[in-house]
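A short write-up of the structure that comes next.
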Amino acid sequence: RMLDALINAPIESAILVNTEGTVLAINRIGAKRLGKKEDEIIGMEIYNYFPSKLAKSRKAKCNQVIRTGKPIRFQDKLEGRYYDNNIYPVFDDKNKVTALAIYVRDVTRHRQAEIMLRSLVEGTAKATGRDFFNKLVEHLATALECKYSIIGRICETDSRQIKTLSFWEKNKLGKNFVFDSAGTPCDEVLGNKICIYKDKVSKQFPQNEWLTGHKIEAFAGAPLADANGELIGILTVMDTKPLSNFMVDGALSILTIFASRAAAELKRINAEDEQLAIATRLRKEQKALFDKHVALKQVLEHMDAEKSDFRHEISSSMEQALMPYVKKMRQKNGSLSKWDLELFEDAIKSITGTEIDDFRANYSKLTSREMDICDLIKEGKTSQEIADMLHLSLQTIQKHRSSIRKKLQLKNKNINLPAYLRYK
């Protein structure tokens with residue numbers, strides 16, 4: 001009984017055969033895998049229970065152990081399942097191999113997980129950025145046999161809002177969208193933990209129209225965090241059928257492995273988006289500065305033109321006021337009458353600093369409204385612009401301008417009023 005318990009305790013197939021392949025002993029697991037009871041197999045040749053190609057391969061491995069006296073380990077496949085085989089030699093007193101102890105373990109889940117992981121790694125290895133996200137949701141959904149997969153970024157304005165960056169929907173990339181994590185399993189993921197629901201998701205979250213509308217049964221999700229542990233996104237898979245125990249284990253392993261890579265890519269994309277936003281803002285500011293530069297240049301050119309006009313007016317005034325007396329001096333050999341000298345002095349005063357006193361005296365005669373209008377005229381505002389700013393009619397402004405010219409004694413209509421006011 002103790003020996004029987006020992007043989008049947010392992011979850012592996014345990015078989016003892018002689019060098020010809022005849023079964024000497026077998027445990028329940030081994031017999032069950034061959035579709036027989038133990039006593040039906042004992043005394044039979046073990047190779048008869050396998051397809052010819054597999055039987056030939058396993059027999060060759062057994063003969064190798066008999067010939068070398070060394071144990072051997074290998075894997076093979078039978079009816080879609082993978083098996084890990086260990087064959088040990090059994091020696092007699094003369095150190096001759098007289099039997100073989102064979103242990104066979106079903107490693108289908110491990111092999112499938114390995115294939116699943118390899119497929120994910122190979123499918124995403126060369127991808128970066130958003131292309132990586134697209135590849136990841138595709139291969140993640142395929143590996144875990146799920147219809148939906150999402151990688152999303154937490155919105156800056158609301159930490160409960162998720163904006164999808166890649167959305168896999170029934171064998172194709174779907175349109176990205178924004179959703180509220182409240183009332184969904186994603187809310188638990190945002191608690192910074194991997195969350196898995198094997199089944200009944202729609203029943204457990206009946207208020208969420210998306211989950212119920214898509215008849216979601218299973219969910220698995222992992223948080224994405226940066227190097228400082230700050231949550232920046234989520235990675236999820238969903239399906240309309242329950243997850244098997246194997247798929248639960250696979251989802252847990254894969255999400256754990258790829259969450260770090262996805263978080264790193266998301267962090268890089270966030271940095272790139274931030275740099276792009278800064279560059280865009282700088283371009284706008286640069287354009288605004290350029291526009292201001294152009295406007296300032298135009299103002300300066302306008303001021304230069306007005307200065308030139310004003311210098312021309314001064315030159316013209318000097319010529320008109322002084323040249324007659326210069327001619328008289330030439331005609332009279334440099335001598336002028338007292339009357340001529342007084343006129344000459346008045347002419348000089350009219351175009352030199354003494355005129356400033358007269359301007360100040362005249363300017364003080366202006367009303368406060370006329371002074372306001374003078375300030376706007378000096379700034380280069382047109383009559384229409386001044387009217388709009390002071391909420392007056394254009395005709396009223398024109399009357400004020402006429403009054404200003406009269407009070408400042410600008411009888412010469414050719415004198416530019418804006419230039420005159422700025423000069424004074």
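Let's see how each residue does on (1) in the same structural domain as L120 (by TED's automatic domain parsing); (2) in contact with a helix residue (DSSP H, G or I) (Cβ under 8 Å, 6 or more places away or on another chain); (3) under 30 Å from V107 (Cα atoms):
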position	(1), (2), (3)
S166	yes, yes, no
P185	yes, yes, no
E188	yes, no, no
K198	yes, yes, yes
Q207	yes, no, no
I216	yes, yes, no
A222	yes, yes, yes
L243	yes, yes, yes
I257	yes, yes, yes
**Asked** Can you find even one residue in the stretch 366-381 that is modelled with pLDDT of 80 or more, surrounded by 11 or more Cβ atoms within 10 Å (Cβ to Cβ) and over 60 Å from the mean Cα position of the chain (by Cα)?
**Response** yes
**Prompt:** Could you list, in sequence order, the residues of the stretch 105-123 that are touching a Lys or Arg at 6+ places or on another chain (Cβ under 9 Å), modelled with pLDDT of 75 or more and part of a helix (DSSP H, G or I)?
**Reply:** T108, R111
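Residue by residue, here is whether (1) modelled with pLDDT under 95; (2) among the polar types (S, T, N, Q); (3) farther than 23 Å from E79 by Cα holds:
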site: M2; (1), (2), (3): yes, no, yes
site: I7; (1), (2), (3): yes, no, yes
site: A25; (1), (2), (3): yes, no, yes
site: K36; (1), (2), (3): yes, no, no
site: K61; (1), (2), (3): no, no, no
**Complete:** For the stretch 67-92, pairs from a residue that is farther than 16 Å from R33 by Cα and not assigned by TED's automatic domain parsing to the domain that holds L34 to a residue that is in a strand (DSSP E or B) and of a type in the set (D, E, K, R), with Cβ under 7 Å and 6 or more apart or across chains, are none
**Request:** Could you look through the stretch 374-424, keep only residues that are among the small types (G, A, S) and not in a helix (DSSP H, G or I), and pick out the one that is nearest to E301 (Cα to Cα)?
**Result:** G380
**Prompt:** If you take the residues of the stretch 261-280 that are among the small types (G, A, S) and loosely packed, with under 13 Cβ neighbours inside 10 Å, which of them is nearest to D226 (Cα to Cα)?
**Reply:** A271
**Request:** Filter the strands (runs of 3 or more DSSP E) completely within the stretch 151-231 down to those with at least 1 residues that are β-branched (V, I, T) and loosely packed, with under 13 Cβ neighbours inside 10 Å.
**Result:** 178-180
**Prompt:** Just one of D304, D239 is surrounded by fewer than 17 Cβ atoms within 10 Å (Cβ to Cβ) and at negative phi; which is it?
**Reply:** D304
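Can you work out which of the residues in the stretch 26-66 that are β-branched (V, I, T) and in a helix (DSSP H, G or I) is surrounded by the most Cβ atoms within 10 Å (Cβ to Cβ)?
Within the stretch 26-66, the subset β-branched (V, I, T) is 26, 29, 41-42, 46, 65-66.
The next check asks that each one be in a helix (DSSP H, G or I); those that pass are 29, 41, 46, 65-66.
On the way: I29: 20, I41: 20, I46: 25, V65: 20, I66: 18.
Per the stated criteria, the residue is I46.
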**Message:** Please pick out the residue among F167, F205 that is hydrophobic (A, V, I, L, M, F, W, C), touching a Leu at 6+ places or on another chain (Cβ under 8 Å) and without any contact (Cβ under 8 Å) to a residue 24 or more places away in the chain.
**Reply:** F205
**Every residue from the stretch 103-121 that is of a type in the set (D, E) and exposed (fewer than 14 other Cβ atoms within 10 Å of the Cβ)** = E114
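Select from the stretch 205-233 the residues that are farther than 23 Å from T256 by Cβ and polar (S, T, N, Q) and list them in ascending order. First the steps, then the outcome.
Step one: list which residues in the stretch 205-233 are farther than 23 Å from T256 by Cβ, which gives 205-215.
Scanning the stretch 205-233 gives Q207, N208, T212.
The values are calculated or read from the model by the stated rules, or taken from the named source; none is laboratory data. Here the structure is a predicted model, which means the values were calculated and not measured. Glycine gets a Cβ as well: all are built from the backbone with ideal geometry, and neighbour counts include every protein chain shown.
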